[in-house]
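What follows is a set of notes on a single structure, which appears directly below.
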Amino acid sequence: MTSSRITRRQFVAASASGLAATALGSVSASAQNFGSADLIEAAKKEGKLVYYTADFTEVEQEIIKAFNKRFPFVKIEMVRAPGGQLITRIKTEAAAGKLSADVVNHSDRGLMQDLQDLFQDYAPPNAGDFRSDVLVSPKLWPRSTLGWSIAYNTELMKNPPKTWMDLTKPEYNNKQIGQVVGPSGGTTWTRVMFERQVLGEDYWKKQAATQPALYPSGAPLSDAMVRGEVSVAVLLYNIAYIKKRDGATVEIIFPPDGVPLNFYAAGVTKAAANPNAGKLFLNWCLSEEGQVFQIKELGYLTALKTPPLNPPGYDPKVVKTWAPKFDEYVKLRSAWLEEWNKTYGYRQ
């Protein structure tokens, strides 16, 4: 089978059956349309890029490794920091005229929209395949899409919660449940909005009454669940998925009463010393090949209008996804997070 004869249907079938890597291995870079021959050649001459990200280090390392299987000539120097710290670093460097990043990928679209003037005009070859309603700027693209889930340690929890409302039941009292604090970043703010707008204004009060254990981010919470410090964890699916994939006694549920989605924003900076390598990297990440890798291997979802496949355990016929209205995402944040902090007794 030549690369030009691999149809979309065959590609999706291969992905779903675990044969995506085999199929992709025979598809040329030009057939996948990661960029023009001139762009690829220019990226090869640059040979490197500096990448700022708010996503998890382990996850980004796997994405970079997969990209380098396709384009081994681009070496990526990754700078990873929590969302707020990364924004501060970008602002500080930009103010001094010393922004080092070629590419930035961030979990908070609102904060990135405020910085859009630092980014150059950029769109991937398959720009028309993405949902337009999740774009906050024509310069910034949803490289990553994350969905919230309920995970639990199967050795400790024999009657796990199956819906968000189950997390308010007294049987899960006394720190059996682990939660990421509301102000931790854009992904958690999305979850907090969903809880209030979809589950009801009294949901926080009911859930806080179970006295959940609070964690600064998903990484320490997922580790605590694996160690048995909490039995149940409200986590982004991709974080729990990697634990399960690597052998931990973890099961994950997409609650049928809704899955809040958080769309990242990624772009190439105007200050980029390696703009062609940066565009090639994002082109691959946003391509069907890149999105399939993130879904199949890392438990991400996608902002593509037609998902090439779904992560394990996700049935779009059963599960409803939810995304915040962007204007509300921006204007409601401060007041609602202040109220969330009071309800859960959290002090920053």
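The values are calculated or read from the model by the stated rules, or taken from the named source; none is laboratory data. For clarity, every value in this text was computed on a predicted model and none was experimentally measured. Because the Cβ atoms are built from the backbone with ideal geometry, glycine has one as well, and the counts that use them run over all protein chains shown. Areas reflect the complete protein model, heavy atoms only, side chains present, ligands, DNA and RNA absent. Shrake-Rupley method; radii C 1.70, N 1.55, O 1.52, S 1.80 Å.
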Restricted to the stretch 202-225 and to residues being among the hydrophobic types (A, V, I, L, M, F, W, C) and surrounded by fewer than 19 Cβ atoms within 10 Å (Cβ to Cβ), the residue farthest from ILE150 (Cα to Cα) is ALA209
Given the conditions (1) under 21 Å from ASN238 (Cβ atoms); (2) open to solvent by 10 Å² or more (accessible area, probe 1.4 Å); (3) not hydrophobic (A, V, I, L, M, F, W, C), every one holds for ARG191 apart from (2)
Checked the stretch 151-175 for anything over 22 Å from PHE194 (Cα atoms) and buried (at least 17 other Cβ atoms within 10 Å of the Cβ); matches are ASN153, MET157
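Considering the stretch 41-74 alone, what residues qualify as being among the acidic types (Asp, Glu) and surrounded by 15 or more Cβ atoms within 10 Å (Cβ to Cβ)? Talk me through it step by step, then tell me what you get.
Taking the stretch 41-74 first, the residues among the acidic types (Asp, Glu) are 41, 46, 55, 58, 60, 62.
Hits for the stretch 41-74 are GLU46, ASP55, GLU60, GLU62.
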Filtering the stretch 289-338 down to residues that are touching a Lys or Arg at 6+ places or on another chain (Cβ under 9 Å) and among the charged types (D, E, K, R) yields GLU289, GLU297, LYS305
Per the filter on the stretch 125-153, residues within 16 Å of GLY313 (Cα to Cα) and either touching a Lys or Arg at 6+ places or on another chain (Cβ under 7 Å) or part of a loop (DSSP other than H, G, I, E, B) (or both) are TRP148
Checked the stretch 126-143 for anything at pLDDT 95 or above and either touching a Cys at 6+ places or on another chain (Cβ under 9 Å) or within 23 Å of PRO311 (Cα to Cα) (or both); matches are ASN126, ALA127, GLY128, ASP129, PHE130, TRP141, PRO142, ARG143
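Say whether the condition of being free of Cβ contacts under 8 Å to residues at least 24 places away in the same chain, surrounded by 24 or more Cβ atoms within 10 Å (Cβ to Cβ) and within 16 Å of THR145 (Cα to Cα) is met by at least one residue in the stretch 287-297.
Within the stretch 287-297, the first condition is being free of Cβ contacts under 8 Å to residues at least 24 places away in the same chain, and the residues that meet it are 291, 295.
Imposing the further condition that a residue be surrounded by 24 or more Cβ atoms within 10 Å (Cβ to Cβ) reduces the set to 291, 295.
Next, only the ones that are within 16 Å of THR145 (Cα to Cα) stay: 291, 295.
Checked against the condition, which is being free of Cβ contacts under 8 Å to residues at least 24 places away in the same chain, surrounded by 24 or more Cβ atoms within 10 Å (Cβ to Cβ) and within 16 Å of THR145 (Cα to Cα), the stretch 287-297 yields at least one hit.
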